[in-house]
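The values are calculated or read from the model by the stated rules, or taken from the named source; none is laboratory data. Note that the structure is a prediction, hence the values are computed from the model and not measured. All Cβ positions, glycine included, derive from the backbone under ideal geometry; neighbour counts span all protein chains shown.
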2 protein chains.
Amino acid sequence: MRLSNYFLPVLKENPSEAKIKSHQLMLRSGMVRQSASGIYSWLPLGLKVLKNIENIVRDEQNKAGAIELLMPTIQSADAWKESGRYDDYGKEMLRIKDRQDRDLLYGPTNEELITQIFRDNIKSYKNLPLLLYHIQWKFRDEIRPRFGVMRCREFLMKDTYSFDVNKQDAENSYKKMFLSYLKTFDRLDLKAIPMRADAGPIGGDLSHEFIILADTGESEVFLDKNLLDINIKKIDYDQNNIKNIMNKYENFYSATDEKHNIDQFNKLVDKKNQLHTRGIEVGHIFYFGDKYSKSLKAAINTKEGKNTYPQMGSYGIGVSRLPAAIIEAKYNNQYMKWPKSITPFKVTIINLGKKGDEVDKKSDDIYHILKNNNFDPLLDDLSDSPSSKFKNHDLIGIPFQIIIGSKMKKEEYEFKELGKNKIILSKNEIINRLKEIYESDQPS
Amino acid sequence: MRLSNYFLPVLKENPSEAKIKSHQLMLRSGMVRQSASGIYSWLPLGLKVLKNIENIVRDEQNKAGAIELLMPTIQSADAWKESGRYDDYGKEMLRIKDRQDRDLLYGPTNEELITQIFRDNIKSYKNLPLLLYHIQWKFRDEIRPRFGVMRCREFLMKDTYSFDVNKQDAENSYKKMFLSYLKTFDRLDLKAIPMRADAGPIGGDLSHEFIILADTGESEVFLDKNLLDINIKKIDYDQNNIKNIMNKYENFYSATDEKHNIDQFNKLVDKKNQLHTRGIEVGHIFYFGDKYSKSLKAAINTKEGKNTYPQMGSYGIGVSRLPAAIIEAKYNNQYMKWPKSITPFKVTIINLGKKGDEVDKKSDDIYHILKNNNFDPLLDDLSDSPSSKFKNHDLIGIPFQIIIGSKMKKEEYEFKELGKNKIILSKNEIINRLKEIYESDQPS
């Protein structure tokens with residue numbers, strides 16, 4: 001993409017309304033714009049990051065055996081009245097009357113609707129276990145939306161729902177999602193720690209929050225550093241393997257400030273391994289039994305010919321929150337560097353020449369070569385000053401830069417990985433270097 | 001995907017609420033379910049088709065030089081009050097009050113919001129021409145939603161908006177979209193005819209509807225058969241080439257019943273070339289000048305240092321309507337056959353064996369081979385009777401079937417393209433045949 005054809009409105013100053021660094025960076029680098037209080041438009045650069053994250057989340061759901069469908073944003077209130085949550089939910093639910101005066105709402109979550117779909121279509125144990133998920137926009141009418149897309153009103157979520165004939169099977173589904181979440185966040189280059197959580201308003205007796213570590217996170221966390229070294233890359237979906245991984249996480253202390261117990265922390269964790277930092281919740285998994293299948297009468301036949309209510313769980317990832325969370329974890333106030341797996345462009349060419357000169361032609365030439373090699377390059381062909389270009393690209397955060405100025409020999413290129421020193425490479429060396437970088441990043 | 005692990009609730013009977021064949025087929029083949037009046041959930045099979053269509057629409061927008069962003073579903077009423085449409089829009093607009101009693105609405109269209117984004121971020125002619133698009137859910141509170149996803153309330157649209165410094169440039173943007181629509185519908189294997197249209201409530205003086213031909217379409221159309229032979233596959237985005245193509249379409253008579261003039265039809269079209277059939281509107285393009293840029297005060301600087309309001313156009317494709325429209329055009333009441341470019345699975349394996357027998361093993365074996373060759377196969381491993389399996393697969397519409405029964409030799413397979421005779425192939429011949437079929441389908 002040529003920057004001169006793109007829509008990337010970069011801001012020079014931090015907008016006064018942005019209080020945290022992810023919000024500042026997302027506005028400054030032209031990723032999002034607020035369209036109404038707590039409601040954002042995703043501009044092209046932000047949307048590319050969002051889509052890349054969404055695709056990793058989707059891919060890991062598919063690998064865990066979950067099946068994608070798509071429920072609508074607008075729901076009838078009927079199922080919520082059946083479950084009893086319509087009155088309970090409070091003002092965060094956006095309630096709507098249509099022209100026929102029927103009660104609708106903008107889905108803040110989907111337990112009712114998925115249970116209704118299940119009830120209307122599945123009658124037999126033979127169809128279980130079943131993991132269904134969707135990635136859809138939701139709305140929660142926060143009284144004080146803030147921190148950009150971190151705590152906004154319209155937001156994108158991935159929600160999975162599990163249906164099983166008994167509690168043991170339900171725990172197996174839970175474990176699959178547990179592992180799939182670890183793999184998802186790992187591919188986003190995040191350290192996500194699963195922490196035991198209260199089940200909250202949805203109810204249930206088994207629940208983990210996935211917290212990523214970031215100095216500027218919303219809540220304090222306390223943990224054993226050993227948790228950071230658990231490697232989940234090669235673990236497959238064998239139930240014993242997952243159980244082992246879960247045990248590893250359970251064996252080391254971790255807690256958010258709400259659950260933190262300082263005596264336990266000191267007793268269980270060596271001083272040198274104690275980590276006290278901050279974190280951001282990016283995922284939450286629950287097991288809640290037959291709460292919804294029962295209230296919505298979604299019974300199935302068992303192998304023995306009896307009726308039973310399936311055991312359910314729900315599993316959320318805050319997709320539109322993740323770009324901000326990743327910025328909080330990665331942005332060092334000098335430059336942003338997107339993880340290779342989700343960078344909006346794989347490489348950027350900073351053309352320091354003028355329209356039509358040799359530098360400009362050299363930039364164009366390498367741009368076409370990179371495009372033909374499917375590296376999705378960005379070419380900065382604007383007439384800004386070099387210092388302004390460098391500043392902008394530090395904001396945009398594409399991890400690899402090719403800098404084309406007039407001082408280099410014709411066959412030489414400055415290549416820079418953000419945060420590292422420039423090196424001099426030939427055209428072929430650049431292609432090979434990028435292939436190495438991006439092919440090593442393929443998930444197994 | 002193994003059908004035993006999938007969620008594909010097929011119905012034996014036509015549901016009584018479904019009056020047209022696409023609605024019947026989409027319910028029977030488990031593509032969608034109604035969740036509330038005029039509001040649908042897309043089940044896995046339907047979602048795959050929808051996503052495939054969406055990706056072709058996106059790809060052709062990108063090729064035409066349009067840039068993707070994403071506006072939210074919920075909008076503030078403010079910009080609509082500025083443009084004057086808030087009061088005009090009528091009851092189809094879903095109006096909402098949030099907890100702070102502010103006026104919100106679920107976007108029925110996005111001219112106001114995109115103009116606002118443009119206004120807040122673009123000040124100079126240097127950034128034009130600009131084509132911005134998004135693919136997002138919209139809501140129109142139809143008084144009588146019907147015909148399934150064909151006329152529903154929550155629906156997925158692709159909307160592009162063009163911004164240009166003057167009318168001539170705006171016409172060039174319009175032409176680009178004209179060609180990109182022809183290419184999009186061609187890749188969906190549809191005959192789409194652009195017909196001059198009234199500009200309607202959005203206003204403007206240049207407008208085409210894209211109508212696909214289907215016996216069961218919502219409106220009557222009259223056209224010259226020569227229109228069906230215009231080939232747009234190799235046309236690139238050169239303005240003269242597009243002009244020639246547009247002239248070709250203008251040269252032959254076509255009209256919906258609203259605009260039809262029988263005398264003109266008989267005068268201009270030979271009897272043998274007169275086609276009188278029905279059609280479905282799947283796209284609409286408008287040029288409407290500075291209607292919104294002026295009312296929302298989105299002025300830019302010109303090269304000459306003056307202020308001007310950009311000339312705009314809007315270009316819509318009804319993405320979630322297309323699966324239904326394609327069914328209306330292709331379903332012959334005996335079987336559905338999805339176009340190769342959007343089929344939910346590339347090939348289906350109909351296993352007529354029993355769990356663990358030789359037929360079952362042979363099915364499994366070819367399933368793995370096809371999977372490893374990235375053909376995304378569906379394997380029907382259910383215990384239904386053969387006749388019930390054949391019936392279901394005629395509904396589901398995957399264009400290629402591999403039928404595995406006990407009568408064939410071990411190394412032979414029955415291969416069937418829907419609507420054609422079965423042939424006997426070896427494993428390698430199947431792979432090669434499928435490669436030929438699907439690789440010839442790549443867009444240039």
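Annotation note: of A:Leu47, A:Leu11, the sole residue that is within 11 Å of chain B (Cβ to nearest Cβ), in contact with a His (Cβ under 9 Å, 6 or more places away or on another chain) and more than 30 Å from A:Tyr292 (Cβ to Cβ) is A:Leu47. Across the stretch B:153-177, the qualifying residues are those that are polar (S, T, N, Q) and part of a strand (DSSP E or B), and the one among them that is nearest to B:Gly289 (Cα to Cα) is B:Ser162.
Can you tell me which residue is nearest to the other protein chains (Cβ to nearest Cβ) among those in the stretch B:114-130 that are assigned to a helix (DSSP H, G or I) and not hydrophobic (A, V, I, L, M, F, W, C)? Working first, answer last.
Step one: filter the stretch B:114-130 for residues assigned to a helix (DSSP H, G or I), giving B:114-121, B:125-127.
Still in the list and also not hydrophobic (A, V, I, L, M, F, W, C): B:115-116, B:119-121, B:125-127.
Numbers: B:Thr115: 12, B:Gln116: 7, B:Arg119: 11, B:Asp120: 7, B:Asn121: 4, B:Tyr125: 13, B:Lys126: 8, B:Asn127: 8 Å.
This residue is B:Asn121.
Collect the residues in the stretch B:29-69 that are small (Gly, Ala, Ser) and either at negative phi or surrounded by 21 or more Cβ atoms within 10 Å (Cβ to Cβ) (or both), keeping them in residue-number order. Even if it seems obvious, please write down each step before you answer.
Of the stretch B:29-69, the ones small (Gly, Ala, Ser) are B:29-30, B:35-38, B:41, B:46, B:64-66.
Across the stretch B:29-69, the qualifying residues are B:Ser29, B:Gly30, B:Ser35, B:Ala36, B:Ser37, B:Gly38, B:Ser41, B:Gly46, B:Ala64, B:Ala66.
Within the stretch A:407-434, the set of residues being surrounded by 12 or more Cβ atoms within 10 Å (Cβ to Cβ) and in contact (Cβ under 8 Å) with a residue 24 or more places away in the chain comprises A:Tyr413, A:Leu418, A:Lys427, A:Ile430, A:Ile431, A:Leu434. Against the numbered list (1) within 25 Å of B:Met150 (Cα to Cα); (2) more than 8 Å from chain A (Cβ to nearest Cβ); (3) surrounded by fewer than 17 Cβ atoms within 10 Å (Cβ to Cβ), B:Met26 comes up short only at (3). Residue selection: B:Arg278 fails the criterion of being under 30 Å from B:Ile117 (Cα atoms), assigned by TED's automatic domain parsing to the domain that holds B:Glu218 and charged (D, E, K, R). Each residue in the stretch A:131-151 was checked for being at the interface with another protein chain (Cβ under 9 Å from one of its Cβ atoms) and closer than 22 Å to A:Glu60 by Cβ, and 4 pass. Residues that are more than 30 Å from A:Lys354 (Cα to Cα) and among the basic types (Lys, Arg) within the stretch A:1-25 comprise A:Lys19, A:Lys21, listed in sequence order.
Taking B:Tyr237 as the residue in question, decide whether it is among the aromatic types (Phe, Trp, Tyr), assigned by TED's automatic domain parsing to the domain that holds B:Ser320, surrounded by 15 or more Cβ atoms within 10 Å (Cβ to Cβ) and assigned to a loop (DSSP other than H, G, I, E, B).
Yes; evaluated as a whole, the condition is true for this residue.
Taking the criterion of being free of Cβ contacts under 8 Å to residues at least 60 places away in the same chain and not β-branched (Val, Ile, Thr), the residues of the stretch B:111-126 that qualify are B:Leu113, B:Asp120, B:Asn121, B:Lys126. For the stretch B:217-233, the criterion of a residue being touching a His at 6+ places or on another chain (Cβ under 9 Å) and either of a type in the set (S, T, N, Q) or over 23 Å from B:Leu188 (Cβ atoms) (or both) is satisfied by at least one position.
Matching residues to (1) in contact with a Gly (Cβ under 6 Å, 6 or more places away or on another chain); (2) touching a residue at least 24 places away in the same chain (Cβ under 8 Å); (3) of a type in the set (A, V, I, L, M, F, W, C):
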{"position": "B:Pro339", "(1), (2), (3)": "no, yes, no"}
{"position": "B:Gly356", "(1), (2), (3)": "no, no, no"}
{"position": "B:Lys362", "(1), (2), (3)": "no, yes, no"}
{"position": "B:Asn372", "(1), (2), (3)": "no, no, no"}
{"position": "B:Leu378", "(1), (2), (3)": "no, yes, yes"}
{"position": "B:Asp384", "(1), (2), (3)": "no, no, no"}
{"position": "B:Ser388", "(1), (2), (3)": "no, no, no"}
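The set of residues in the stretch B:79-104 being within 11 Å of chain A (Cβ to nearest Cβ) and in contact with a helix residue (DSSP H, G or I) (Cβ under 7 Å, 6 or more places away or on another chain) consists of B:Ala79, B:Arg99.
Give the number of residues within the stretch B:141-152 that are assigned to a loop (DSSP other than H, G, I, E, B) and touching a Leu at 6+ places or on another chain (Cβ under 8 Å). Full working, then the answer.
Of the residues in the stretch B:141-152, the ones assigned to a loop (DSSP other than H, G, I, E, B) are B:141-145, B:147, B:152.
Add one more test, that the residue is touching a Leu at 6+ places or on another chain (Cβ under 8 Å), and what stays is B:141.
Summing the residues that are assigned to a loop (DSSP other than H, G, I, E, B) and touching a Leu at 6+ places or on another chain (Cβ under 8 Å) in the stretch B:141-152 gives 1.
Hey, can you tell me all the residues within the stretch A:164-173 that are under 24 Å from the mean Cα position of the chain (by Cα) and surrounded by 24 or more Cβ atoms within 10 Å (Cβ to Cβ)? Within the stretch A:164-173, A:Ser173 is the sole residue that qualifies. Just one of the listed residues (B:Glu111, B:Glu92) is crowded, with 19+ Cβ neighbours inside 10 Å and either outside the structural domain of B:Leu25 (by TED's automatic domain parsing) or under 25 Å from the mean Cα position of the chain (by Cα) (or both), and it is B:Glu111. Cβ separations smaller than 7 Å between residues 6+ apart or across chains give the following pairs from the stretch A:153-179 residues that are among the acidic types (Asp, Glu) to residues that are assigned to a helix (DSSP H, G or I) and modelled with pLDDT of 95 or more: A:Asp164/A:Ala170; A:Asp164/A:Ser173. Total residues in the stretch A:414-444 satisfying the condition of being more than 19 Å from A:Asn373 (Cβ to Cβ) and either at pLDDT below 95 or under 25 Å from the mean Cα position of the chain (by Cα) (or both): the figure is 4. Criterion applied to B:Ser35, B:Ser76 was being of a type outside the set (Lys, Arg), within 7 Å of another protein chain (Cβ to nearest Cβ) and either without any contact (Cβ under 8 Å) to a residue 24 or more places away in the chain or closer than 30 Å to B:Asp186 by Cα (or both), and the one residue passing it is B:Ser35. Looking only at the stretch A:379-432, count every residue that is assigned to a helix (DSSP H, G or I), farther than 22 Å from A:Lys354 by Cα and of a type in the set (Asp, Glu) and tell me the total. Residues that pass the stated criteria total 1.
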